[in-house]
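Okay, so here's the structure we're looking at.
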Amino acid sequence: MERLRGGVVAADRKKWSKAIGCFTDALSLLGESLTFISEVCDVRRKRARAYIRRGWAADAELALRDCDMVLAHSPAGARTDTEMLRLKCLKQLALWDAASAACTAFRETHGTSEKLSKIEAAVQRGAAHRARLRLQQEMAEAEEEEEDDDDDDE
C-alpha cells in the first residue's frame, strides 16, 4: 500500500492536502469491501484526522462522514480515538447540541480526560454564545414589533 505509506509520511510532515489525497487513493484501491474493512476503517480514521488538521471549509463535514463510517464498522473497544475525533468535528461544525450529547456519551463510556474536558469547555462556550445571540435576536425582534405597534397607534 504505497499510497497509504505516502499519506502517513505526508501527515507526519503536516502536508495535510497531500495526506488526504494519498488516503483517498488508498481507499479507492481498497474499495469498500468488507474483506478489508479494518484497513478501510484505519485509512478513513487517518484521513479524518488529516481533514481536521487541515481545517478548510467543509473539511469537518468530510471528517465527520469518515468518523461515522468507522464507528459503524468498528468493534466497541476500537472506537475511542474515532469518537474523540468525531467530537472535534462536531465542535468545528458548531453543532453544539450534538457535541454536548457526544461528550456526555464519551464520558459515560470512557471516563473523563484532559482532551475531553477541553472539548466540553469549548462546546459549553459555543452553546452559551449561541444562546446569547438568540436572546439578542429575540429582543431585537420584540423591539421591532413594539415600534410597529406604536406606528399603528398613530
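The values are calculated or read from the model by the stated rules, or taken from the named source; none is laboratory data. Values in this document were obtained by computation on a predicted structure and should not be read as measured data. We place every Cβ from the backbone using ideal geometry, glycine too, and count neighbours over all the protein chains shown. Surface accessibility is based on the protein's heavy atoms, side chains included, excluding ligands, DNA and RNA. Shrake-Rupley method; radii C 1.70, N 1.55, O 1.52, S 1.80 Å.
A few comments on the model shown:
- Using θ = phi - 60° and Karplus 6.51 cos²θ - 1.76 cosθ + 1.60, couplings along segment 97-107 (whole Hz; Gly, Pro as x): 5, 5, 5, 4, 5, 5, 4, 4, 4, 4, 4
- Accessible surface of segment 41-154 [probe 1.4 Å, protein heavy atoms]: carbon and sulfur percent: 48
- Folded to 0 to 90 degrees: helix 37-54 orientation relative to the chain principal axis, Cα: 50
- Between Lys18 and Glu2, the contour length at 0.36 nm per residue exceeds the Cα-Cα span by 4.4 nm.
- Spatially proximal lysines relative to Lys15 (Cα-Cα < 19 Å; intrachain offsets below 8 disregarded): Lys46
- In degrees, nearest ten, helix 80-92 long axis to first principal axis of the chain (Cα): 40
- Here Phe36 and Glu61 are evaluated by their C-beta separation; at R0 = 25 Å the FRET efficiency comes out at 0.50.
- Prolate/oblate/rounded label for the chain (Cα gyration tensor, a/c 1.5): prolate
- The chain: calculated mean residue ellipticity at 222 nm from DSSP helix runs of at least 4, using -39500 (n - 2.57): -28000 deg cm²/dmol
- Heavy-atom accessible area per residue - segment 49-143, 1.4 Å, Å²: 60
- Between Ala105 and Ala131, the contour length at 0.36 nm per residue exceeds the Cα-Cα span by 7.1 nm.
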